[in-house]
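To start, the structure under review is shown below, and the notes come after it.
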Amino acid sequence: MPYAELQHELDERAALGLLRQRQVLQCPQSPHIVIGGKPYLAFCSNDYLGLANHPQLIAALQQGASQHGVGAGAAHLVSGHSIAHHQLEQALAAFVGKPAALLFSTGYMANLGTVQALVSKDDTVFADKLNHASLNDAMLLSRATIKRYRHNDMAQLAQLLEQAESGRKLIITDAVFSMDGDLAPLPELLALCERHDAWLLADDAHGFGVLGAQGRGSLFNFKSPPTPLLQRGEDADASFDNPPLQKGGRGDLISPRIIYMATLGKAAGVFGAFVAAEQVVIDTLINHARSYIYTTATPPALASAVLESLKLIGQGDALREHLRGLIAQLRNGLSDLRWPLMPSDTAIQPLLIGDNHAALALSEALRERGIWVAAIRPPTVPQGTARLRITLSAAHNTADVARLIEALHELAQ
């Protein structure tokens, strides 16, 4: 029976310390969770602003369900595109300074659909070697020629771009790398796009809501020459009760070459994803992105909840400041630990262990002390770089972080 072969493969993974198993959460998402009837202090959620169980989002979801029902009932292009979806797309485009936006069910589906719609066998995709699996799968399914460059190595990327002679050129990258927590050099990438007539797809799953002015994401996290924001973005600022962005000097990295993707289930606290870009790009996705066309639309009530989340994100400077303080506290407290923290200024703080079994053992030792931190192993990360992926949230407090620091120092003895 083929099942015996499957079991043998699972046994081999277990022997290598690579077997994955699910745990059942018995409470709402929070730094303080219950699994198996036991309470834990958790440092493994992407709920960076602590909005996943926010009462205003719960109320917005309930109101949305009351107004729009539960299921969408059909694909967006049939009869499933609700007024709630439409309003959210307009608000998201305005929030990130783009002419238009398109909702997807997940970030994975957004990346698959976008890459496949924009490039094909006559084109070339240039990809950072540490990109998320969804970007990797997207480029493989696109049938385009693939050129991978060393992590954030702009010199190698420039060489690869110079060698591409024909067809469309698409650079794809995480904006915040999900397992390392470091940032892509978006201004340098954009400069290469300008020089070589390429597009840039930036996956900002872990930057949206956290980085940049008013949490507008990684495009607003870099210094850049003064660039007028799109008129729709200026008009929409008032609807979120946010002060208008200053044009230039605040990091408004606005360019028609940038195709921006972000998820709505991390800092936004809800579910889904969106792509924001020029109108012609969005129209192309509507007509060619298979992961958009051939699936049922997400429940419209979720769109109502995300609209409320955008307000909280825009007004969340205090949350982001608190989060930055926790990041500094953790890095200072673990600076002399025998396991190094990888370089990161974001909420993702990877503690590099190396060996798979050692990472699992450390994760389990923390669990015995009532602290939940996931061990991340290959193939999610390169061989020999197993780690604890510590993620911080604005819902944590300084006592929570101090408890983790103390436990890790005890275990390092």
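The values are calculated or read from the model by the stated rules, or taken from the named source; none is laboratory data. Owing to the predicted nature of the structure, the values given are computational and were not obtained by experimental measurement. In this analysis, Cβ positions are derived from the backbone assuming ideal geometry, glycine residues included, and neighbour counts consider all displayed protein chains.
Numbers at a glance
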quantity	calculated
Options L170, L161: the member that is buried (at least 17 other Cβ atoms within 10 Å of the Cβ), assigned to a helix (DSSP H, G or I) and not assigned by TED's automatic domain parsing to the domain that holds I348	L161
Residue list for segment 111-121, filter: among the hydrophobic types (A, V, I, L, M, F, W, C), assigned to a helix (DSSP H, G or I) and over 18 Å from the mean Cα position of the chain (by Cα)	A117, L118
Matching entry among V401, V373, V381 (being touching a residue at least 12 places away in the same chain (Cβ under 8 Å), crowded, with 17+ Cβ neighbours inside 10 Å and farther than 30 Å from F222 by Cα)	V373
Matching entry among A365, A374, A359 (being touching a Cys at 6+ places or on another chain (Cβ under 8 Å) and among the aliphatic types (A, V, I, L, M))	A374
All positions within segment 273-297 that are over 15 Å from T114 (Cα atoms) and not polar (S, T, N, Q)	A297
Search result, residues across segment 251-301 that are at pLDDT 95 or above, hydrophobic (A, V, I, L, M, F, W, C) and part of a loop (DSSP other than H, G, I, E, B)	L264, A267, A268, V270, F271, A289, A297
Every pair of residues 6+ apart whose Cβ atoms lie under 7 Å, when the first sits in segment 82-100 and is under 16 Å from A301 (Cβ atoms) while the second is β-branched (V, I, T)	L88/V306
Verdict on L25 being free of Cβ contacts under 8 Å to residues at least 12 places away in the same chain, outside the structural domain of H206 (by TED's automatic domain parsing) and surrounded by 13 or more Cβ atoms within 10 Å (Cβ to Cβ)	yes
Selection count, segment 119-167, where residues are of a type in the set (A, V, I, L, M, F, W, C), under 22 Å from A191 (Cβ atoms) and touching a Ser or Thr at 6+ places or on another chain (Cβ under 7 Å)	3
Residue within segment 147-166 that is free of Cβ contacts under 8 Å to residues at least 24 places away in the same chain, over 27 Å from G80 (Cβ atoms) and among the hydrophobic types (A, V, I, L, M, F, W, C) present	yes
Residue match in segment 371-385 (condition: part of a loop (DSSP other than H, G, I, E, B) and either farther than 18 Å from S178 by Cα or not assigned by TED's automatic domain parsing to the domain that holds L352 (or both))	no
Check on L337, in contact (Cβ under 8 Å) with a residue 12 or more places away in the chain, among the aliphatic types (A, V, I, L, M), assigned to a loop (DSSP other than H, G, I, E, B) and surrounded by fewer than 18 Cβ atoms within 10 Å (Cβ to Cβ)	yes
Wholly enclosed helices (runs of 4 or more DSSP H) of segment 1-110 bearing at least 2 residues in contact with a Pro (Cβ under 8 Å, 6 or more places away or on another chain) and under 30 Å from L310 (Cβ atoms)	55-68, 83-95
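A quick yes/no check of all residues on (1) modelled with pLDDT of 95 or more; (2) of a type in the set (D, E):
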site: H196; (1), (2): yes, no
site: D203; (1), (2): yes, yes
site: H206; (1), (2): yes, no
site: Q214; (1), (2): yes, no
site: P225; (1), (2): no, no
site: D237; (1), (2): no, yes
